[in-house]
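No value in this document is a laboratory result; all are computed from the given coordinates. Note that the structure is predicted; figures quoted are calculated from it, not measured. Note that we place each Cβ from the backbone using ideal geometry, even for glycine, and neighbour counts take in every protein chain shown.
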Amino acid sequence: MVTKDEFRNSLAKFATGVTVVTTLDHQGALHGMTANSFTSVCLAPPLVLVCVDFRTHTHRFVESSGSFGVNILSEQQKDIGAYFARPPEDRHGEVPYQHRLSEKGLPVIEGSLAFFGCRVVDSHVHGDHTIYIGEVDEISLGGSGKPLLFYESQFTNLGLNEKP
Ligand SMILES: Cc1cc2nc3c(=O)[nH]c(=O)nc-3n(C[C@H](O)[C@H](O)[C@H](O)COP(=O)(O)O)c2cc1C
């Protein structure tokens with residue numbers, strides 16, 4: 001039997017990039033959630049997936065809108081990753097981001113390395129998460145630099161500056 005701690009600690013050995021999944025709230029304002037479950041699914045059609053906890057606000061907004069944006073964070077955007085990982089009631093202080101709306105009206109976080117605007121084409125419920133499969137309708141490439149990473153429960157970066 002696999003314990004919860006064993007499972008969590010083993011998953012922490014898998015280094016991922018960091019994204020912010022963006023939606024619009026019921027007032028039409030940007031809502032963001034830090035997510036590292038983002039994965040590409042298929043090239044043709046262009047499909048991606050993200051796994052979203054039932055208890056998040058993002059789950060509610062994706063359910064009601066049928067769409068979501070994925071912003072790939074750069075190493076300069078660690079504060080944004082930390083900000084959107086907190087529950088909305090704990091997101092105090094200066095907002096560490098600026099945004100614009102994509103052509104299809106999804107929030108794009110300025111400075112992100114890449115943005116994918118997605119339309120939900122399928123979803124699967126497993127445990128306390130929904131896997132949303134999104135067809136990518138729009139892409140924009142933005143900031144330069146290296147990606148932000150998440151490894152062993154911490155933000156980190158590639159750190160590969162040494163020449164061979
Ligand atoms: C690095 C990192 C990755 C995360 N990935 C996910 C994820 O893939 N899916 C998810 O539901 N929550 C994920 N979370 C937790 C959410 O960011 C967190 O619950 C957030 O407060 C939800 O915001 P919301 O309720 O405003 O939507 C992650 C947190 C961190 C720090």
Note: Glu6 to Ala82 extended length (0.36 nm per residue) minus current alpha-carbon separation gives 24.9 nm
Take the alpha carbon atoms of segment 14-88, find their center, do the same for segment 93-107, and report the distance between the two centers in whole angstrom.
13 Å
Under a Cβ-Cβ cut-off of 12 Å, what is the net charge of the residues other than Gly17 that fall near it, where Lys and Arg count +1 and Asp and Glu count -1?
0
One quarter of the C-alpha convex hull surface, i.e. the mean projected area of segment 84-138 in nm², amounts to 5.4 nm²
Percent relative contact order for the chain, counting Cα pairs under 8 Å at least six residues apart, stands at 27 percent
Based on the Kirkwood radius over alpha-carbon pairs, what value in µm²/s does the Stokes-Einstein equation return for the translational diffusion coefficient of the chain at 25 °C and 0.890 mPa s?
149 µm²/s
Using mean Cβ contacts within 10 Å as the protection proxy, how do 38-49, 20-31, 145-156 order, highest first?
20-31, 145-156, 38-49
Summing +1 for each Lys or Arg and -1 for each Asp or Glu, what net charge is found among the other residues whose Cβ lies under 15 Å from the Cβ of His92?
-2
